[in-house]
Amino acid sequence: MTHYVAYLDEFGHVGQYVSRNHPKYKTHPAFGFAGLILPATEIREFAIYFYKTKCQLLAYDLANDNPRNLPAYQWEKKGSQLYTLRNVTKYEQLRRSTFRLLNHIEKIGGYVFYTGEHKTTDPNAHNSTETFKRQLLQSVRKIDRFCAQNGSTFMLMLDEQRAGNEWRETNVEVCTLAMFEDASEKCRSLIEPPIQAESHLFQTIQCADWICGLIGRLTALSLASDEYSELEPFDRYFADRITKVSMPGSGLEHQKSAEIPAELAE
C-alpha cells in the first residue's frame, strides 16, 4: 500500500469574473486547487531536490530580493511572480528547470494535480464561499477516488491562508464531512482532515505554489483564449508536460455542473 501526501494551494481567483476588460469583475475565469501528490517515502528527498533547484535557479533573486535576509529554505518566490510571460519567454533556464522538476515528480511516482471550475460570468449568480468549499471538496473526492482505485491512502496539506481561525474551521469541516458523509460518497482513503502548513517552512508547499502559477496561466488561456492570447507560450512549453504527469481525474468543470459529484465531473 502506498501512502500519499497531497500539497495543494489555490489558483485563479475565488471572486466574480465577467471578462478581462470588465471595469470591476476582471480577476480570473477559474478558481480551484492545484499542487502535487507524492509518495510519503519520497517526500524528504523531493524537498531537498526542490530546495536545490530553487537555490540554483533563483540565486540572483535570493541575494538581491531578500530584504529580511531570510535563509534560503524560508525565502519564497511565488509562482505568480516566477511564471510571468516575460520570464517564461526570456529565460530558457526557467523552462528547463521546470521541465526537470515535472520529470522528477513523475520519476518518483508522484503526480501534478489540479481541479477547479470555470466560473459563471453572471456576478450575481456567483458565490465565492460556496465556490471555495465546493472546489476543496472536489479536490478531496478526486484524490480519494484515485487512491481507492489503487489501494492507497492519503493526507492533505494546504497552504496556510492568513485569514484567521474561521478559514481553517471551514476547511476542516468540509473535509470532515467528506470523510463521514453517507456511505456512497464516503472518502475512505483520506486518513485525517487537512493540515494547514506555513509555506515558508515547507519546500513542498512552495512547489505547490509554483505549480499553481503554471496552472493559473494555462487555465486562463484555455477558458478565455481571445482575452489571454499572449499566454500562448505557456501552452507551447508546458501544457503537454503538465498533462503527462497529472493525476487521472485532474481537470476543470463549469460552474453549472459543479454540483455533480467529483466522480462524474471529470
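The values are calculated or read from the model by the stated rules, or taken from the named source; none is laboratory data. Model, not experiment: these values are computed from the prediction. Reconstructed Cβ throughout: ideal geometry from the backbone, glycine too, with neighbour counts over all protein chains shown. All accessible areas refer to the heavy atoms of the entire protein, side chains included, with ligands and DNA or RNA removed. Shrake-Rupley method; radii C 1.70, N 1.55, O 1.52, S 1.80 Å.
Taking every alpha-carbon pair under 8 Å whose residues sit at least 6 apart, the chain reaches a relative contact order of 32 percent.
Distance between the modelled labels on K107 and Q93, one decimal in nanometres: 2.0 nm (7 Å Cα→Cβ projection). Which value in deg cm²/dmol, rounded to the nearest 500, describes the helix-derived mean residue ellipticity at 222 nm for the chain, given -39,500 (n - 2.57) per DSSP H run of n ≥ 4 and division by the residue count? Rounded to the nearest 500, it is -13000 deg cm²/dmol. Within the chain, which is the longest segment containing none of the trypsin sites (Lys or Arg not before Pro) that sit in a DSSP loop and have at most 11 other Cβ atoms within 10 Å? Longest gap between qualifying sites, sites excluded: 69-161. Across the range 201-208, computed HN-Hα scalar couplings (Karplus, 6.51 cos²θ - 1.76 cosθ + 1.60, θ = phi - 60°) run 9, 10, 5, 5, 5, 4, 5, 4 Hz from first to last residue, x flagging Gly and Pro.
How big is the antiparallel share of DSSP beta bridges in the chain, given as a percent to the nearest 5? The antiparallel fraction comes to roughly 55 percent.
Accessible area per residue for the chain is 48 Å², calculated with a 1.4 Å probe on protein heavy atoms, without ligands, DNA or RNA. Element breakdown for the chain at a 1.4 angstrom probe: carbon and sulfur atoms account for 48% of the accessible area.
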